[in-house]
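The values are calculated or read from the model by the stated rules, or taken from the named source; none is laboratory data. Just so you know, these numbers come straight off a predicted model, no measurement behind them. No Cβ is skipped: glycine too gets one built from the backbone with ideal geometry, and neighbour counts run over all protein chains shown. SASA here: full protein model, heavy atoms, side chains in, ligands and nucleic acids out. Shrake-Rupley method; radii C 1.70, N 1.55, O 1.52, S 1.80 Å.
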Amino acid sequence: MKVLLISNMYPSREFPSYGVFVQNTEQILLNNQFQVDRIVLQKKKTKLQKLLGYALHYTKIIWSGLTKKYDYIYVHYAAHNAAPLLLLKKLNSRVTIITNVHGSDVVPEVSSQEKFQPRVKQLLKESAKIITPSPYYMSLVKKKYEVKTPIYVFPSGGVNPDVFYPFSDRNEAFEILKLDPNQKYIGCVSRIDVGKGWEYYLKAIAHLEEATPTSYKYLYIGSGKDEDAFHNLAEELGIKEKIIHFPLLPQTSLKYVYNAIDAFIFPTVRKGESLGLVGLEAMACGTPVIGSKIGGLKDYIIEDKNGLFFQPGNEIELAEKLWFFMSSSEEYKQRLSRQAILTAHHYTINVISEKLPRIFKD
């Protein structure tokens, strides 16, 4: 089967984590003897580069769709790729599109993203199949667009067990990250952008440390538009010395973070959090997740079994859950850890690798 993969997010040497799940889905298809061509857009630094990049990206999509024959055109991210695909469909009605929706495709995060919604709806109607990352996101798509197109669930490329696994010796993680092995850590991995909940993470730490000073330090791995605001708030809250910030690391390096921390904090407030793959990667390393009760997180976090929930944006409740976890017995923490590993196993590439090809062949 011959497939044209289209995405406006794809890893590069400079930005190795940008759209890495798209690369993972591509690899699953290749491993199942699909022939895959790709038209992808890698991260750009300036507005001009982005503008020129999209112009070339759209041109390639239309040209390839008109001059080459594919069994399927498989697109990740409907919002930013709908325009050229809808035009292509008008020019060549025989093209068959599978659309994999994510995040802000269905739930715009800022007002500027609302303008894409009519095209998203039209593309989903024109698609032969729709793929969503989680049951939660499938229900959103059904409710919002009322499309008759068949909808499938496939968890965004899954978790690679060769990368994400619990270390037999955590000292390796501390050494790589240059952390004190005698120190205890809690961590968060996320972009420092709107909706990611970084401010609630910092405020929860401040509440906790003011009420009950702990021996923990707190990692934050990520970069983004609000990075200056992040550091300013940490200083304003008086917790700067408690925070250890790393820029966004390559996906393969995150295993050291997950193995160095006792719990992973997932403070998102995005209704469009379609899966939350980082939470599953943390679980695969045996790290329980304390996460917002929102979006795709509700599909895999089980309260008091593999993690803990708090209401989105409620830093007081997050502080309480942090203290509950920190003060719990080692036996309790190990039980959460074991269940986290079992949960993540259901999302590993080894387990889900047959699902994506079946969707194409269905």
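Summary table below
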| item | result |
| --- | --- |
| For the chain, size of Cβ-based charge dipole, Lys and Arg +1, Asp and Glu -1, in debye | 2100 |
| Local electrostatic count at Glu14 - Lys and Arg +1, Asp and Glu -1, tallied over other residues with Cβ under 10 Å | +3 |
| Dipole of segment 101-213, positive end: most advanced residue of Tyr165, Phe116, Tyr201 [Cβ charges, Cα centre] | Phe116 |
| Within segment 24-133: Cβ-based charge dipole about Cα centre, in debye rounded to nearest 20 (Lys, Arg +1; Asp, Glu -1) | 380 |
| Rounded tilt (10° steps) of 20-31 against the dominant C-alpha axis of the chain | 60 |
| Normalised contact order of the chain, rounded percent, pairs of Cα under 8 Å and 6 or more residues apart | 15 |
| Protein accessible area in segment 227-299, 1.4 Å probe - carbon and sulfur % | 48 |
| Acute angle (nearest 10 degrees) that the helix 47-67 long axis makes with the longest principal axis of the chain, alpha-carbon atoms | 40 |
| Stretchable slack from Met1 to Glu241, in nm (0.36 nm times residue separation minus alpha-carbon distance) | 80.9 nm |
| Value of D in µm² per second that Stokes-Einstein yields for segment 72-111, Kirkwood Rh from Cα pairs, at 4 °C (1.567 mPa s) | 119 |
| Computed over segment 243-362, Kirkwood Rh from alpha-carbon pairs, angstrom | 15.1 |
| Euclidean distance of C-alpha centroids, segment 1-69 and segment 291-322, integer Å | 34 |
| For the chain, accessible area per residue (1.4 Å probe, heavy atoms of protein chains only), Å² | 46 |
| Relative contact order computed over segment 221-362 (Cα-Cα under 8 Å; 6+ residues apart), in percent | 19 |
